[in-house]
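The values are calculated or read from the model by the stated rules, or taken from the named source; none is laboratory data. In this text, all values refer to a predicted model and were calculated from it rather than measured experimentally. For neighbour counting, all protein chains shown are included, and Cβ atoms are generated from backbone atoms with ideal geometry for every residue, glycine included. Protein only, heavy atoms only, side chains kept; ligands, DNA and RNA dropped before computing areas. Shrake-Rupley method; radii C 1.70, N 1.55, O 1.52, S 1.80 Å.
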Number of protein chains: 2
Amino acid sequence: MLKYALPLQKLIGELEKLPGIGPKSAQRLAFFLLSRSDDEVGELGLAVLALKAEIGLCSRCHNYTTGDLCPICEDPGRDISVICVVEQASDLMALERSGEYEGVYHVLGGALSPVADIKPSDLYIAELLERIREMRLREVIIATSPTVEGDATGEYLRQLIAQLPEPPQVTRIALGLPVGGDLDYADQVTLARSLRGRTKMEG
Amino acid sequence: MLKYALPLQKLIGELEKLPGIGPKSAQRLAFFLLSRSDDEVGELGLAVLALKAEIGLCSRCHNYTTGDLCPICEDPGRDISVICVVEQASDLMALERSGEYEGVYHVLGGALSPVADIKPSDLYIAELLERIREMRLREVIIATSPTVEGDATGEYLRQLIAQLPEPPQVTRIALGLPVGGDLDYADQVTLARSLRGRTKMEG
């Protein structure tokens, strides 16, 4: 059985680890790269290496950033009396693309999950409560994904926030999204509608 | 409109240049990489960079190799009286996966195309004729893709080879492949059948 040249085999192995890329696609991509110029392939390789070296988390909302604060937290035009809580920074980006929202965000870093053993202490929940306590918030929008884990995380947050002194209003984005779906894959119109149709959370 | 952090934007731009990866997939991949460890992402980046630095073309058949000759040309078990002519090294790999072929290869580097302005001098055709002249070949198998360009290239080669002194037999892999399809995407069984069913080329 023929083996590929070692560097080719190595790259195919690395590409196969990416989501949605199987052995066949990995081969196609590797051969595509082989057929490109040294410069073009170098650009991609350097971009991959720069990614983790240059990007960290916003010290306030845990969005990705190259500085201390992310572009949204640094933007004086954003309404800092509303925090939208999301699981991942990619969800934040999806909401930004909807163009519907002018407040700020808080990235949890995931959702509670007994199965995957993700506990409240594994998420940026304490930091969220600290932000709510420090600032005079009008509203906290829970925009976790409409999955079992996302819903449970939202309900857990609602209960925690309700126990704070002078708690802000807590809302949940409307289920315009298909239940069980992934927020990051929703289209912009659906996301915009689900933000507009958000409802007050009550115990 | 929100911009991604610059290194993220750069990587998304580079990923979008890959075949079969649109803006949405590029974003997903970039965010996936952001969520991985520094080591994992480093491995991918280095594998991409090593690719072009370490891989060159076999001096005999123009397959990819890290040495002077590719593993197939170096293999004493291969039948050097048969040369299978393919457009790309990825086609060669597809044929190898079929496990049907024991001869050697010649990679043309593409197919003749008036539209893309690819002329005989842009392909390794002179090198193929030189190899045929130097060696006592039984057979040349034309395994260019069953497209207009691939068929035209095959017919052009057949005519050239027929003009050589003591020309070897020239065959064409059978059209078990769907016409207009891409050789690299064919399954192994279909490829094996099309090799077995190859037919003699006559003017």
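Calculate what fraction, in whole %, of the accessible area of the protein assembly as shown sits on carbon and sulfur atoms when a 1.4 Å probe is rolled over the protein chains.
Heavy-atom surface of the protein assembly as shown belonging to carbon and sulfur, 1.4 Å probe: 51 percent.
Over segment A:72-200, what relative contact order in percent results from Cα pairs under 8 Å that are six or more residues apart?
That works out to 28 percent.
Which lysines have a Cα lying under 22 Å from the Cα of B:Lys24, excluding residues fewer than 8 positions away in the same chain?
A:Lys17, A:Lys24, A:Lys52, B:Lys3, B:Lys10
Find which of B:Ile173, B:Met93, B:Tyr124 sits farthest along the positive direction of the dipole of chain B, computed with +1 on the beta-carbon of Lys and Arg, -1 on that of Asp and Glu, about the Cα centre.
B:Ile173
Every other copy gets compared here: list the nm distances from the A:Arg78 label point (7 Å along Cα to Cβ) to its counterparts, shortest first, one decimal.
Those label-point separations list as 5.8 nm.
How large is Rg/Rh for segment B:1-108, to two decimals, with Cα atoms and a Kirkwood Rh?
Ratio of gyration radius to Kirkwood radius: 1.14.
Along each of its three principal axes, how wide is the spread of alpha-carbon positions in the protein assembly as shown, in whole angstrom units, largest first?
96, 40, 35
How much of the DSSP bridge set in segment B:45-202 is antiparallel, in percent, rounded to the nearest 5?
Counting DSSP beta bridges with both partners in segment B:45-202, the antiparallel share is about 30 percent.
Is there a quick way to get the dipole size of chain B? I mean about its Cα centre, with the Cβ of Lys and Arg at +1 and of Asp and Glu at -1; what is the value in debye to the nearest 20?
For this selection, approximately 380 debye.
Select from A:Ala192, A:Ala126, A:Ala53 the residue whose mean-square fluctuation is largest in a Gaussian network model of chain A (Cα-Cα springs shorter than 10 Å).
Among A:Ala192, A:Ala126, A:Ala53, the largest GNM mean-square fluctuation belongs to A:Ala53.
What average number of partner chain Cβ atoms lie no more than 10 Å from the Cβ of the residues making up B:25-33?
Taking all residues of B:25-33 together, the mean is 5.
Please report which chain B residue places its beta carbon nearest the axis carrying chain B onto chain A, with the distance rounded to a whole angstrom.
Of all Cβ atoms in B, the one closest to the rotation axis yields B:Gly45, 3.
Shielding of B:55-67 by partners, i.e. mean partner chain Cβ atoms within 10 Å per residue?
Across the residues of B:55-67, the mean count of other-chain Cβ atoms within 10 Å is 2.
For B:Glu139, place a label point 7 Å from Cα along the Cα-to-Cβ direction in every copy; what are the distances to the other copies, in nm, shortest first?
7.4
Scaled to the compact-protein estimate 2.2 N^0.38 Å, what is the alpha-carbon radius of gyration of segment A:6-54, rounded to two decimal places?
My calculation over the Cα atoms of segment A:6-54 gives 1.16.
Hey, can you grab everything whose amide H is under 5 Å from the amide H of A:Tyr105? Only 5+ residues off in sequence or another chain; H modelled, so Pro and N-termini drop out.
For A:Tyr105, whose amide H was placed from the backbone, the distant partners under 5 Å are A:Cys84.
Give the interface area between chains B and A as buried accessible surface, both sides summed, probe 1.4 Å, in Å² to the nearest 100.
About 5200 Å² of accessible surface is lost on pairing.
With both partners inside the protein assembly as shown, how many of the DSSP beta bridges are antiparallel, as a percent to the nearest 5?
Bridges in the protein assembly as shown are about 30 percent antiparallel.
In debye, nearest 20: dipole of segment A:6-54 around its Cα centre with unit charges on the Cβ of K, R (+) and D, E (-)?
300
What is the magnitude of the charge dipole of the protein assembly as shown about its Cα centre, with +1 placed on the Cβ of each Lys and Arg, -1 on the Cβ of each Asp and Glu, and no other charges, expressed in debye to the nearest 20?
Approximately 640 debye in magnitude.
What is the mean number of Cβ atoms from other protein chains located within 10 Å of the Cβ atom of each residue in peptide B:95-105, rounded to a whole number?
Rounded to a whole number, the mean comes out at 1.
Along the charge dipole of segment B:1-149, Cβ charges K/R +1 and D/E -1, which of B:Tyr4, B:Leu44, B:Ile83 sits furthest on the positive end?
Among B:Tyr4, B:Leu44, B:Ile83, the one farthest towards the positive end of the dipole of segment B:1-149 is B:Tyr4.
In the Gaussian network model of chain B, springs joining C-alpha atoms below 10 Å, which of B:Leu57, B:Leu15, B:Leu128 carries the largest mean-square fluctuation?
B:Leu15
In the full protein assembly as shown, how much of B:Met93 is accessible to a 1.4 Å probe, in Å² to the nearest 10?
Rounded to the nearest 10, the figure is 10 Å².
Skip the ligands, DNA and RNA, and give the accessible area per residue of the protein assembly as shown with a 1.4 Å probe, whole Å².
Accessible area per residue: 48 Å².
Calculate, for B:Arg196 and B:Ile80, the FRET efficiency according to 1/(1 + (r/R0)^6) with r their C-beta to C-beta distance and R0 30 Å; round to the nearest 0.05.
0.90
Distances from A:Ala116 to the same residue in each other copy, label points 7 Å out along Cα→Cβ, in nm, shortest first?
For A:Ala116, the other copies' label points sit at 4.2 nm, shortest first.
Taking θ = phi - 60°, what integer Hz values does the Karplus form 6.51 cos²θ - 1.76 cosθ + 1.60 yield along segment B:101-109, in sequence order, with x for Gly and Pro?
Working through the residues one at a time gives 10, 10, x, 10, 10, 9, 8, 6, x Hz.
Can you tell me which of A:Leu160, A:Leu34, A:Leu18 moves the most in a GNM of chain A? Springs connect C-alpha atoms under 10 Å apart.
Answer for the Gaussian network model of chain A: A:Leu18.
Expressed in whole Å with the largest first, what are the equivalent ellipsoid semi-axes of chain A derived from the C-alpha gyration tensor as the square root of 5 times each eigenvalue?
38, 19, 16
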